[in-house]
Amino acid sequence: MNACPCCGFREGSGNPFQIVRTLRLTRHERAMFQVFAENFGTFLTGPQLVDAMYADDPTGGPDTAENSISVRMKVFREKLRKGGLDIDVRQGRGGGRRLVWAKTGRAARK
């Protein structure tokens, strides 16, 4: 596995919590990252994400919380790819989203 010439990062090495410190995330993106990182590699459903992100909200979050998370996911994934991480999506039964190492490391900047 080759190291990045500018920073020496090797895909699959390091701690996601250390890597994400270099990224500029919004409050909601930090909350999503926390949930995904604590369950690294495990598929999480929409309701699981909503419950975790709005745990402090006495109302459980807005009625459109799942949709709001889906809308934010595109920008969130782009930011994570800059750090060598990605959100893997599985459709259908047993599906959801999970945090994984990006297939192309820090070079993934779609």
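Can you name the residue in segment 33-50 that is under 11 Å from ILE69 (Cβ atoms) and part of a helix (DSSP H, G or I) and is also nearest to the chain's Cα centre (by Cα) among such residues?
VAL35
Within segment 12-32, how many residues turn out to be in a loop (DSSP other than H, G, I, E, B), surrounded by 13 or more Cβ atoms within 10 Å (Cβ to Cβ) and either among the β-branched types (Val, Ile, Thr) or at pLDDT 85 or above (or both)?
Of the residues in that region, 2 qualify.
I'd like the full set of residues that are over 12 Å from LEU99 (Cα atoms), hydrophobic (A, V, I, L, M, F, W, C) and touching a residue at least 40 places away in the same chain (Cβ under 8 Å), limited to segment 43-68.
Matches in segment 43-68: LEU49 only.
Please give the number of the condition ARG98 fails out of (1) touching a strand residue (DSSP E or B) at 6+ places or on another chain (Cβ under 6 Å); (2) of a type in the set (Lys, Arg); (3) part of a helix (DSSP H, G or I); (4) in contact (Cβ under 8 Å) with a residue 40 or more places away in the chain.
(3)
Regarding segment 82-95, can at least one residue be identified that is closer than 17 Å to PHE17 by Cα, of a type in the set (Gly, Ala, Ser), surrounded by 15 or more Cβ atoms within 10 Å (Cβ to Cβ) and modelled with pLDDT of 90 or more?
So far as segment 82-95 goes, no, none of its residues is closer than 17 Å to PHE17 by Cα, of a type in the set (Gly, Ala, Ser), surrounded by 15 or more Cβ atoms within 10 Å (Cβ to Cβ) and modelled with pLDDT of 90 or more.
With farther than 22 Å from PRO16 by Cα and part of a helix (DSSP H, G or I) as the only criterion, which of VAL71, VAL75 stands out?
Every option except VAL71 fails the conditions.
The values are calculated or read from the model by the stated rules, or taken from the named source; none is laboratory data. From a predicted model like this one, the values you see are computed outputs, not experimental measurements. Neighbour counts are summed over all protein chains in view; Cβ atoms, including those assigned to glycine, are modelled from backbone coordinates with ideal geometry.
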